[in-house]
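These notes concern the structure reproduced below.
The values are calculated or read from the model by the stated rules, or taken from the named source; none is laboratory data. Only a predicted model underlies this, so the values are computations on that prediction, with no experimental measurement involved. Cβ placement follows ideal geometry from the backbone for every residue including glycine, while neighbour counts extend to all protein chains displayed. The protein model used for the area step is the full one, side chains on, heavy atoms only, and it has no ligands, DNA or RNA in it. Shrake-Rupley method; radii C 1.70, N 1.55, O 1.52, S 1.80 Å.
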Amino acid sequence: LEGMAEFYSKELAQKVTRGMNETALKCNSCGGHVPLGYKIENKKFVVDPTTAPIVVEAFERYANGETVAEICESFNNRGFRTAKGAEFNKNSFRSMFQNERYIGIYKYKDIRIEGGVPAIVSKEVFEVVQRRLKINAQAPSRGKAKVDYLLAQKLFCGHCEAAMTGVSGTSKTEQK
C-alpha cells in the first residue's frame, strides 16, 4: 500500500506539472497574484482600464526623474492602492518596475512568451526605468550603518556578485 501511495503521489505531481505547463503555453493565468493594471477574463490577462493608468503614470514619472518616494507619497495622497488594496510603499514600486509583464512578456517558470499578455508600458519607457533602477541600486544596509564604511558599494562577492555589507557592533559591556 505504501508503494502504491508513493506511485500515486508522484504520478499526480507529474500530471499537475504538465497541466500547469500546458496552461502557461496558452498564456492563461496559472493562479497567484494578478499585478496592478491587469485583470483575469476567460483565464487570460486583460488590461484593467481603471488601474492601468496608475501603472503608466508610475513608469513615466520614474523615467522622467522623480524618486520612488515622491511617486509613492503622491499616489497615497490621491487614494490609489496596490493590487492587494494596501497603500503604496517603496517595495511595491520596485516589484512593479521590474515586472516584464507590463511590456507584454508572459513568464511561468522556464516558459517565456513575448506578446503573451497585452502590454501596458512601452519598451522604451521600461528600458529607461531599468537603467535608472540599476544606477540607483543601493547597498542593502546603507541607511542602517552608524559608521561610514569606506568600501560600501565598491566591494562585491566573488561568487554571487552581490554587494558586501559592513557589520559592527558592541558587546554587552559596550566594548567593540
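Assorted remarks:
- Filtering Ala24, Ala13 for residues that are at pLDDT 95 or above and part of a helix (DSSP H, G or I) leaves a single hit, Ala13.
- Enumeration of residues in segment 101-119 that are open to solvent by less than 50 Å² (accessible area, probe 1.4 Å) and within 16 Å of the chain's Cα centre (by Cα): Arg101, Tyr102, Ile103, Gly104, Ile105, Tyr106, Tyr108
- Segment 85-116: number of residues that are assigned to a strand (DSSP E or B) and out of contact with any helix residue (DSSP H, G or I) (no Cβ under 9 Å at 6 or more places or on another chain): 1
- Exclusive hit being without any contact (Cβ under 8 Å) to a residue 60 or more places away in the chain, within 20 Å of Lys123 (Cα to Cα) and assigned to a loop (DSSP other than H, G, I, E, B), set Pro35, Pro53, Pro49: Pro49
- Residue selected from segment 58-79 under the condition more than 24 Å from Lys134 (Cβ to Cβ) and assigned to a helix (DSSP H, G or I), by the criterion most open to solvent (accessible area, probe 1.4 Å): Asn77
- Restricting segment 43-57 to residues that are under 25 Å from Gly31 (Cα atoms) and not hydrophobic (A, V, I, L, M, F, W, C), the residue that is most open to solvent (accessible area, probe 1.4 Å): Lys43
- Cross-chain or 6+ apart pairs with Cβ under 8 Å, segment 59-74 first and without any contact (Cβ under 8 Å) to a residue 40 or more places away in the chain, then surrounded by 15 or more Cβ atoms within 10 Å (Cβ to Cβ) and of a type in the set (A, V, I, L, M): Arg61/Ile71; Ile71/Ala58
- Output for segment 1-41, where each listed residue is over 26 Å from Ala58 (Cα atoms), open to solvent by 70 Å² or more (accessible area, probe 1.4 Å) and within 25 Å of the chain's Cα centre (by Cα): Glu22, Leu25, Lys26
- Enumeration of residues in segment 81-108 that are over 24 Å from Cys27 (Cα atoms) and not hydroxyl-bearing (Ser, Thr, Tyr): Arg81, Gly85, Ala86, Glu87, Phe88, Asn89, Lys90, Asn91, Phe93, Arg94
- The single condition from (1) open to solvent by less than 50 Å² (accessible area, probe 1.4 Å); (2) assigned to a helix (DSSP H, G or I); (3) among the hydroxyl-bearing types (Ser, Thr, Tyr) that Thr82 fails is (2).
- Identity of the residue in segment 126-149, modelled with pLDDT of 85 or more and out of contact with any Lys or Arg (no Cβ under 9 Å at 6 or more places or on another chain), that ends up most open to solvent (accessible area, probe 1.4 Å): Lys134
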